Amino acid sequence: MKINTKSKKVNKAWMNDHANDPYVKLAQREGYRARAAYKLKEIDEALGLIRPGQLVVDLGSTPGAWSQYLRRRFAPRAAGAGGAAAGELDGRIIALDILPMLAIEGVEFIEGDFREDAVGQQLHDLLDGRPVDLVVSDMAPNLSGIAASDSARIAHLVELAIEFSVNHLKADGALVAKVFHGSGYSQLVEQFKRTFRVVKPIKPKASRDKSAETFLVGLGLK
Ligand SMILES: C[S@@+](CC[C@H](N)C(=O)[O-])C[C@H]1O[C@@H](n2cnc3c(N)ncnc32)[C@H](O)[C@@H]1O
């Protein structure tokens, strides 16, 4: 395969950033599959969203770092303050991704495209009418580089997460969703504000400054 010099340079810069990234090192030390775990951790520590006993749906879960963090939070007495990756589990985590995910003990997983009705139905059936405490969505589409179609794809996934939350969250439940600054961002904030009593944008330190990604947290359904 022919790789042009520019993309080689970009790859090298990314590899350097990645190797020197403190969150990458921390994730390796603490056994997380991705540095993304620290984004959810920071949001949780700022807002106190995750508590043992909850039912949480993790959308766009692969490779599984957010599910691992949730799983550890649901076993707070085990393995010191960090929680346990196996054994005691007080709570329920349902994870979903279009890609396969290596199993995490106690985490239920649906492999499928969240945009498809049949996959939404599978999740609905698994919930069996039980109301959800928290929906977390780190879903991000493959980007084409064409700004208009990329922002439409991003918005579509966030809208689906909002729709799912309206149908399944408890009245005082919450949604955490990854969004991107740029075109479409303010419309998504408006949609959050129409749906939730309180809306907080949050850019965790673990989210790279260079990245346009940020997170919207909606608290309590209107
Ligand atoms: C940034 S990764 C998530 C990382 C994850 N939170 C973690 O901590 O390991 C984004 C994920 O969204 C998933 N995704 C993108 N579009 C999706 C869709 N339509 N349905 C389900 N998952 C999707 C991707 O396959 C990818 O695994």
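Since every read-out is calculated from the coordinates, none of them should be taken as a lab result. Here the structure is a predicted model, which is why all the values come from computation and not from measurement. Neighbour counts are summed over all protein chains in view; Cβ atoms, including those assigned to glycine, are modelled from backbone coordinates with ideal geometry.
Going by the alpha-carbon gyration tensor, a ≥ b ≥ c the square roots of its eigenvalues, is the chain rounded (a/c under 1.5) or, if a/c is not under 1.5, prolate (a/b greater than b/c) versus oblate?
It comes out oblate by the Cα gyration axes.
Please check: in the Gaussian network model of the chain (C-alpha springs, under 10 Å), which one of ILE104, ILE162, ILE50 has the largest mean-square fluctuation.
Per the Cα network of the chain with a 10 Å cutoff, ILE104 tops the list.
Looking at the square roots a ≥ b ≥ c of the eigenvalues of the Cα gyration tensor of the stretch 170-222, which shape do they give, rounded for a/c under 1.5, prolate if a/b is larger than b/c, or oblate?
Oblate shape, in that a/c is at least 1.5 and b/c is the bigger or equal ratio.
Starting from the 7 Å offset along Cα-to-Cβ, what nm value, one decimal, do you get for the label separation of ALA46 and ALA86?
Result: 3.5 nm between the two label points.
Fully extended, how many nm does the chain gain between ASP113 and SER183 (0.36 nm per residue separation, minus their Cα-Cα distance)?
So the chain would gain 22.8 nm between ASP113 and SER183.
With springs connecting C-alpha atoms under 10 Å apart, model the chain as a Gaussian network and identify which of SER183, SER61, SER149 has the largest mean-square fluctuation.
Of the options given, SER149 has the highest mean-square fluctuation.
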